[in-house]
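Please read the structure below before turning to the comments.
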Amino acid sequence: MVQGSGSYQLVFESRPRYLYAHLRAEYIDLDVAIRYVNELVRHLRSTEHTRLLLVRGTPTIISRRQYSIIGNMIINTLPAAVRFAMIDHSPSRSVVASVMIEEAKAKHREARVFQTFGDGEAWLLSEG
């Protein structure tokens, strides 16, 4: 857990077919997003997982341009073979989903945002 302004908690669980991560924070600004994405990718790279499921429901205090920066960062820092699903319960889910689709399509990556855990996990574990 990172303490101070913009603190968050990122919990990891290695599941049989993917790495599960759950983000908890009071809010997410650009600084928090950069820190948790770096931690997420660093942890993923320390495992042999090629599928990653992130659950978050925290309000985000950033602009669409900043969402694009974070989406680009996620896509560019994840290993190319990784399939990424985000379960987003935040009020910003539609913007997050739109940005993630744009970034993934531009880089030919598999990354999507879902509203429910069941839908996200089903897509993540499908053969695509």
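Readers should treat all values here as calculations from the given coordinates under stated rules, not as data from a laboratory. A quick note: this is a predicted structure, and the numbers were derived from the prediction, not measured. Every residue, glycine as well, gets a Cβ built from its backbone with ideal geometry; the counts of neighbours run over all protein chains shown.
Some points to look at:
- Positive end of the dipole of the chain (Cβ unit charges, origin at the Cα centre): among Leu78, Gln9, Leu30, the Cα lying farthest that way belongs to Leu78.
- Counting charges near Thr77 (Lys, Arg +1; Asp, Glu -1) among other residues having Cβ under 14 Å from its Cβ returns a value of +3.
- Against the set (1) 2, 10, 21, 23, 20, 14, 7, 2, 0; (2) 2, 11, 23, 27, 23, 11, 3, 0, 0; (3) 2, 9, 12, 11, 9, 8, 8, 7, 6, 6, 5, 4, 4, 3, 3, 2, 1, 1, 1, 0, 0, the structure's computed P(r) over Cα pairs in 5 Å bins from 0, in percent falls on (2).
- Phi-derived couplings, Karplus 6.51 cos²θ - 1.76 cosθ + 1.60 at θ = phi - 60°, listed residue by residue for region 83-88: 9, 10, 10, 10, 9, 10 Hz, with x used for Gly and Pro.
- Assuming charge only on the beta carbon of Lys and Arg (+1) and of Asp and Glu (-1), the dipole of the chain about its Cα centre is about 200 debye to the nearest 20.
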